[in-house]
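Below: one structure, written as structure tokens.
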Amino acid sequence: MTQPLTVVVLSTGLDNFKEIRTALSADSRVQLLAGGNDAEQLHGEIIRLKPMAAIISLGAESEQAIKFIKRLNSELPRMAIISAANNLSPDLLLQSLRAGAREFLQLPISAQELRTVLDRVAEFCAGQVEAPKKKGRMIAVFSSKGGCGTSFIATNLAAASAARTVLVDLNLQAGDLPLFLGVNPKYSFADMAENRARLDDALITSFVTPYSSNLSLLAAPKEADSADEIEPEHVFDVLQKLRESYDYVVLDPQHTFDSITLAALDQSDEIILVLTLDIPAIRSTQRALEIFDRLGYPRQKVRIVVNRWSKQIDLDLRQVEKFLGEPVIGYVPSDYQTAVTSINLGQPLVQSDPSCKIALEIKRIAGTVASGSVRVQEDVQPRRTMWDSLFKRQAAQSQFKLQASLEKF
């Protein structure tokens, strides 16, 4: 091992600290970074310095020392923890090992025992080369206008995935995704943000609410005060950790371009931009695309989906696409009763009624997003029969009405 073995020492007794420090100084591999008798003060130094090993003297306050070992093991799992004590009782040894200690030193220290322990610690640290971090795909389901059904689309897209997926409610002030899944979360985004510095797979799993073997929910805070304390950098850190733990991270942000939403959209690999076929929603979508352009988002990052599509809507879909300058990749049909029933039951439609038209289209959209493919503009129209002839007769009229209506906004 070419680099020094960096160590910190916590000892409640001065004599024990001097003994440990003297023993360590005799080993040329060791670099003592910090030491002391105050666990809280030393904790800050350990987090800042990230040593390879920590020696924790159990002393008279062994219960507190065991808790400290457990805390360090949770926050820095790649750090080797060595417990030390004058009384090598089997019970104390077992407690320290269960808390996360890898080695145990009997005090007073034997030079041979210390060398053997440090050999094993050096071997452990040499094997702790951090593996390349997993990077799951992050998909934001967004609309700059409320009432377009983004929460419904996001929930069903997440539920349609066969991969390990987490659904994140970023409507921090008024999130209601638990109702869409019929769950009652114990923890929320606020809890994860508060503990973001020590997040690992185990801690993340404890904060999310499982819905199925593949799908979990990270809920919005129940209290407005907790939501107010969440900053954009908290969102960035939490989403990065989720990306490392899940294959897919599906976001349901607020319908605004505030700093929290932008922190989420910036990180997203894809943005599903949802609209309904009414003039205010179309105009809002155009404005959102303009904002995305100013933010420097590539157009291939944005996928447009029409929700509540119906043959009765008197708008030419080709003219809508022309106005937006982007093809529509999916048309979720309008079926109010079916959609509302699934929401009231707390069951995603892709699972409760997978053969219905809404579920089939959402699953097709999920497949398109997962494969990274985009249909060409000429092929994006839904299947129709009388729809074609109707719009052949009304094309000129529809185009005029669309342009005239949009100019009012």
* **Matching entry among D225, D237, D191, D201 (being surrounded by fewer than 22 Cβ atoms within 10 Å (Cβ to Cβ), among the charged types (D, E, K, R) and within 22 Å of E270 (Cβ to Cβ))** => D237
* **the range 325-346, subset assigned to a loop (DSSP other than H, G, I, E, B) and within 13 Å of F152 (Cβ to Cβ), residue nearest to the chain's Cα centre (by Cα)** => G346
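Here's the yes/no breakdown for (1) in a helix (DSSP H, G or I); (2) touching a Phe, Trp or Tyr at 6+ places or on another chain (Cβ under 7 Å); (3) at pLDDT 90 or above; (4) charged (D, E, K, R):
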site: L217; (1), (2), (3), (4): no, yes, yes, no
site: S226; (1), (2), (3), (4): yes, no, no, no
site: V235; (1), (2), (3), (4): yes, no, yes, no
site: V249; (1), (2), (3), (4): no, no, yes, no
site: D252; (1), (2), (3), (4): no, no, yes, yes
site: F257; (1), (2), (3), (4): no, no, yes, no
* **Test: residue in the range 178-189 that is touching a residue at least 40 places away in the same chain (Cβ under 8 Å) and over 16 Å from A154 (Cβ atoms)** => no
* Structure fact -> Of the candidates L167, L157, the one satisfying the condition of being under 30 Å from N344 (Cβ atoms), outside any helix (DSSP H, G or I) and in contact with a helix residue (DSSP H, G or I) (Cβ under 8 Å, 6 or more places away or on another chain) is L167
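Per-residue answers, yes or no, for (1) outside any helix (DSSP H, G or I); (2) within 11 Å of I56 (Cα to Cα); (3) among the aliphatic types (A, V, I, L, M):
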| site | (1), (2), (3) |
| --- | --- |
| S74 | no, no, no |
| D91 | no, no, no |
| L94 | no, no, yes |
| L105 | yes, yes, yes |
| P108 | yes, no, no |
| R115 | no, no, no |
| L118 | no, no, yes |
* Residue under evaluation R137, criteria (1) of a type in the set (K, R); (2) surrounded by fewer than 17 Cβ atoms within 10 Å (Cβ to Cβ); (3) under 30 Å from I358 (Cα atoms), criterion not met -> (2)
* Could you please find all residues in the range 36-62 being in a helix (DSSP H, G or I) and either within 26 Å of S110 (Cβ to Cβ) or hydrophobic (A, V, I, L, M, F, W, C) (or both)? => A39, L42, I46, I47, L49, S62
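Residues are listed down the side, and each one gets a yes or a no for (1) surrounded by fewer than 19 Cβ atoms within 10 Å (Cβ to Cβ); (2) of a type in the set (D, E, K, R):
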position: V9; (1), (2): no, no
position: N16; (1), (2): no, no
position: E19; (1), (2): yes, yes
position: S28; (1), (2): yes, no
position: L49; (1), (2): yes, no
position: A54; (1), (2): no, no
position: S57; (1), (2): no, no
* **Residue, modelled with the lowest pLDDT, within the range 120-134, restricted to residues that are outside any loop (DSSP other than H, G, I, E, B) and surrounded by fewer than 22 Cβ atoms within 10 Å (Cβ to Cβ)** => A126
* Residues of the range 74-92 being surrounded by fewer than 20 Cβ atoms within 10 Å (Cβ to Cβ) and closer than 25 Å to A126 by Cβ, which ones? -> S74, E75, L76, P77, R78
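The values are calculated or read from the model by the stated rules, or taken from the named source; none is laboratory data. Note that the coordinates shown come from a computational prediction; the quantities given were computed from them, not determined experimentally. Because the Cβ atoms are built from the backbone with ideal geometry, glycine has one as well, and the counts that use them run over all protein chains shown.
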